[in-house]
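The values are calculated or read from the model by the stated rules, or taken from the named source; none is laboratory data. What you see is a predicted model; the values in this text were computed from it and never measured. Cβ coordinates were reconstructed from backbone atoms using ideal geometry, including for glycine residues, and neighbour counts include every protein chain displayed. Heads up: the accessible areas ignore ligands, DNA and RNA and are worked out on the full protein's heavy atoms, side chains in. Shrake-Rupley method; radii C 1.70, N 1.55, O 1.52, S 1.80 Å.
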Amino acid sequence: MKVLVLGGDGFCGWPCALNLADQGHDVVIVDNLSRRKIDVDLGVTSLTPIATVEDRLGAWQETGGQPIGFVLLDLAREYERLLQLLRDEAPEAVVHFAEQRAAPYSMKSAACKRYTIDNNVNGTHNLLCAIVESGLDVHVVHLGTMGVYGYGSHRGATIPEGYLTVEVPQPDGSRFTEQILHPANPGSVYHMSKTLDQLLFFYYSKNDALRITDLHQGIVWGTNTELCGKDPRLINRFDYDGDYGTVLNRFLMQAAINYPLTVHGTGGQTRAFIHIRDSVKCVQLALDNPPAPGEKVKIFNQMTESHQVAHLAQKVADMTGSQVAYLPNPRNEARDNDLIVDNRCFLDLGLEPTTLDDGLLTEVVDIARRYAERCDRRRIPCTSAWTRTQAEAINP
Ligand SMILES: NC(=O)c1ccc[n+]([C@@H]2O[C@H](COP(=O)([O-])OP(=O)(O)OC[C@H]3O[C@@H](n4cnc5c(N)ncnc54)[C@H](O)[C@@H]3O)[C@@H](O)[C@H]2O)c1
């Protein structure tokens with residue numbers, strides 16, 4: 001089928017695009033390359049040396065891959081071009097990765113907060129609006145986040161896949177039950193943008209019967225999929241800096257360069273994780289199992305395991321002999337939280353989870369060691385504070 005991969009030059013989108021092309025789909029990547037530009041603005045580079053889009057796509061074809069198209073387009077700002085692209089390509093599905101995805105970056109300044117909301121919410125709305133205007137029947141698969149549920153206490157309750165069944169009391173004392181979107185509890189402007197996306201999906205599914213799958217993804221770890229390993233020019237990006245680096249990949253990279261593992265706060269924060277190979281597989285499963293016409297938004301929890309940050313650090317320290325450093329927390333968040341997650345939808349569709357114990361932690365450390373000389377240690381600390389209180393704590 002014809003699939004547009006919005007944000008297909010990014011960390012999750014690139015291996016996904018390769019996988020879909022490898023599965024025989026006709027893939028077009030749509031990206032404005034803003035992520036590469038943010039690297040330049042921040043003065044950082046991916047730990048792994050990523051090739052230009054042209055070289056990536058050329059290498060893919062040289063290694064026998066089915067050609068992947070590329071369109072340079074800003075989803076949030078170029079509505080008319082987006083509409084024309086949909087009409088020209090008439091895709092059966094669109095996978096939407098094209099958002100500013102770092103919570104710390106979204107909290108860096110007023111400009112970063114505004115950019116994150118403008119970019120993410122406008123981009124998602126432009127896509128939905130353009131699909132309606134085009135009159136096409138397109139399945140939208142969006143990459144959301146587990147963070148929409150919030151990282152506060154769930155009092156031991158299992159987080160359902162998107163919808164919560166509630167009992168509503170009536171004046172006569174009777175009750176009715178209803179399924180509602182799980183209450184949103186964003187912990188950053190980035191997470192807030194994803195909760196706003198959810199409402200856009202709810203509305204366009206209800207009003208225009210758009211077919212939408214929203215994947216509430218956990219923190220992705222690992223770097224390459226098998227296909228990214230076929231040629232050095234296909235290598236995936238590896239973010240390690242204080243804004244874009246995510247916790248487990250940062251620990252593994254820090255261990256590789258003998259940098260004390262940066263635990264912020266108590267380390268009692270619990271987060272959901274998924275390996276990049278499973279992330280790619282989940283998108284494929286979601287595309288293969290679209291909602292029926294008229295069905296409400298399908299929401300899957302795209303994660304395979306939950307871990308406490310301090311336990312993760314200890315696991316990596318035990319594996320590599322690293323030290324763990326407990327640092328002031330730049331985030332305004334709960335000291336600790338529980339996170340019990342229902343992820344049966346993907347398991348029922350046949351996902352076989354890759355876990356931390358599958359030996360792939362070492363693979364990430366090996367990659368980080370190979371490119372250790374590219375690391376700028378000054379970029380490792382997290383300097384983006386959620387409020388003035390946190391700013392004073394990290395810079396006393
Ligand atoms: N990486 C993770 O751990 C993780 C976890 C949960 C959810 N997600 C979600 O998955 C998606 C992809 O994340 P990622 O890690 O690949 O991020 P990324 O920043 O590496 O990739 C995003 C891509 O989208 C492009 N983009 C951004 N705004 C655009 C716009 N307006 N028009 C066109 N292209 C645009 C960027 O240039 C980049 O190539 C995001 O929506 C993110 O919220 C990621």
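Looking for something of a type outside the set (Phe, Trp, Tyr), at pLDDT 95 or above and in a loop (DSSP other than H, G, I, E, B) - is there at least one such residue anywhere in segment 51-60?
yes
When segment 244-261 is examined, which residues are found to be farther than 20 Å from Thr354 by Cα, open to solvent by 10 Å² or more (accessible area, probe 1.4 Å) and not aromatic (Phe, Trp, Tyr)?
Across segment 244-261, the qualifying residues are Gly245, Ala256, Ile257, Asn258, Pro260.
Within segment 202-227, track down each residue that is buried (at least 24 other Cβ atoms within 10 Å of the Cβ), more than 30 Å from Asp366 (Cβ to Cβ) and not acidic (Asp, Glu).
Ile212, Thr213, His216
Table: residues versus (1) touching a Cys at 6+ places or on another chain (Cβ under 7 Å); (2) among the polar types (S, T, N, Q).
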| site | (1), (2) |
| --- | --- |
| Ser46 | no, yes |
| Leu73 | no, no |
| Ala76 | no, no |
| Pro91 | no, no |
| Arg101 | no, no |
| Pro104 | yes, no |
| Leu143 | yes, no |
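Can you report the number of residues in segment 72-118 which are basic (Lys, Arg), near the ligand (Cβ under 9 Å from one of its atoms) and under 22 Å from Asp239 (Cβ atoms)?
1
Name the residue that is nearest to the ligand (Cβ to nearest atom), counting only residues in segment 124-146 that are open to solvent by 50 Å² or more (accessible area, probe 1.4 Å) and either assigned to a loop (DSSP other than H, G, I, E, B) or touching a Pro at 6+ places or on another chain (Cβ under 9 Å) (or both).
Leu136
Checking the structure you have, find out if any residue of segment 28-38 is over 20 Å from the mean Cα position of the chain (by Cα) and closer than 26 Å to Asp88 by Cβ.
no
Here are some residues: Asp197, Asp214. Which one is in a strand (DSSP E or B) and closer than 24 Å to Asp288 by Cβ?
Being in a strand (DSSP E or B) and closer than 24 Å to Asp288 by Cβ holds for just one of Asp197, Asp214, which is Asp214.
For segment 19-51, what are the residues that are away from the ligand (no atom under 13 Å from the Cβ) and touching a strand residue (DSSP E or B) at 6+ places or on another chain (Cβ under 9 Å)?
Correct list: Leu20, Ala21, His25, Asp26, Val27.
Only helices (runs of 4 or more DSSP H) wholly contained in segment 295-395 count here; list those with 1 or more residues that are open to solvent by 60 Å² or more (accessible area, probe 1.4 Å) and under 22 Å from Gly144 (Cβ atoms).
Passing ranges, in order: 344-348.
Looking at segment 213-239, I want the residues that are more than 15 Å from the ligand (Cβ to nearest atom) and have a partner that is open to solvent by 10 Å² or more (accessible area, probe 1.4 Å) and hydroxyl-bearing (Ser, Thr, Tyr) with Cβ atoms under 6 Å, at least 6 apart or on another chain. Which pairs are those?
The qualifying pairs are Lys230/Thr63; Asp231/Thr63.
Yes/no per residue for (1) within 16 Å of the ligand (Cβ to nearest atom); (2) more than 30 Å from Gln308 (Cβ to Cβ); (3) of a type in the set (Asp, Glu); (4) part of a helix (DSSP H, G or I):
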site: Asn122; (1), (2), (3), (4): yes, yes, no, yes
site: Val148; (1), (2), (3), (4): yes, no, no, yes
site: Glu161; (1), (2), (3), (4): yes, no, yes, no
site: Tyr190; (1), (2), (3), (4): yes, no, no, yes
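Can you tell me which of (1) away from the ligand (no atom under 15 Å from the Cβ); (2) open to solvent by 10 Å² or more (accessible area, probe 1.4 Å); (3) free of Cβ contacts under 8 Å to residues at least 60 places away in the same chain; (4) not β-branched (Val, Ile, Thr) is the one Gly69 doesn't meet?
Looking at each condition in turn, Gly69 falls short on (1).
Each row is one residue, and each column tells you yes or no for (1) within 26 Å of Thr158 (Cβ to Cβ); (2) touching a Leu at 6+ places or on another chain (Cβ under 8 Å).
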position: Ala310; (1), (2): yes, no
position: Val316; (1), (2): no, yes
position: Gly321; (1), (2): no, no
position: Pro328; (1), (2): no, no
position: Arg331; (1), (2): yes, no
position: Arg335; (1), (2): yes, no
position: Leu339; (1), (2): yes, no
position: Asp342; (1), (2): yes, no
position: Cys345; (1), (2): yes, no
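If a residue has to be more than 14 Å from the ligand (Cβ to nearest atom) and either under 22 Å from Cys12 (Cβ atoms) or small (Gly, Ala, Ser) (or both) to count, how many in segment 271-295 make the cut?
10
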